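Below: the structure, in structure tokens.
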């Protein structure tokens, strides 16, 4: 789940909020209390909504697979179920293999299972709500749109860290959601 974020670089910028206090150089610099320090960060940090949704998809598809094997629950769509089985197994096998490595793993080592789990989540959503989406059920469509809007919203919220957009210390701390990320604002 992004146990530690990676800070690639940062650049400090001062922005003057009061135009009237800009004096020519020959008069010397006057202390300006209205300067705002902003920092352009370049962090590799997880999108928590995507990662939690993907983990939930793996958990739900695993429970669906186990319920099929143990309790012989009938399958609605054989083809979708088989693809969910493949991607769930690829996810689990990759994480088992990567857990055997002793060195430190970074976020980009987990992109492959993330892709597996996102594909698996979409297969699971289609398996559970495909007929309702095909029949234009307003509840299923609004759920899908809600997921889309939250995904885009969280991406936009964290995009200043990805694209090195200036942030104040307060704005940076608002994006530091999980203490496990160990993100630190530049002072």
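The values are calculated or read from the model by the stated rules, or taken from the named source; none is laboratory data. This structure is a prediction, so every number in the text was calculated from the model and none was measured. Positions of Cβ are generated from backbone atoms using ideal geometry, with glycine treated the same way; all protein chains shown enter the neighbour counts.
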* Asked: In this structure, does residue 85 turn out to be more than 18 Å from residue 51 (Cα to Cα), assigned to a helix (DSSP H, G or I) and within 26 Å of the chain's Cα centre (by Cα)?
  -> yes
* Test set (1) part of a helix (DSSP H, G or I); (2) over 18 Å from the mean Cα position of the chain (by Cα) - residue 91 fails condition number -> (2)
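Conditions tested, residue by residue: (1) assigned to a helix (DSSP H, G or I); (2) within 21 Å of residue 50 (Cα to Cα); (3) modelled with pLDDT under 95.
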{"position": "125", "(1), (2), (3)": "yes, yes, yes"}
{"position": "143", "(1), (2), (3)": "yes, yes, yes"}
{"position": "170", "(1), (2), (3)": "yes, no, yes"}
{"position": "177", "(1), (2), (3)": "no, yes, yes"}
{"position": "183", "(1), (2), (3)": "no, yes, yes"}
* In the list 118, 98, which residue meets the criterion of being modelled with pLDDT of 90 or more, farther than 16 Å from residue 64 by Cβ and surrounded by 12 or more Cβ atoms within 10 Å (Cβ to Cβ)? -> 118
* Mind listing whichever residues of the range 52-76 are surrounded by fewer than 17 Cβ atoms within 10 Å (Cβ to Cβ) and touching a residue at least 60 places away in the same chain (Cβ under 8 Å)? => 55, 56
* To do: Residues being in a helix (DSSP H, G or I), in contact (Cβ under 8 Å) with a residue 60 or more places away in the chain and surrounded by 14 or more Cβ atoms within 10 Å (Cβ to Cβ): count how many of those fall in the range 152-168.
  => 5
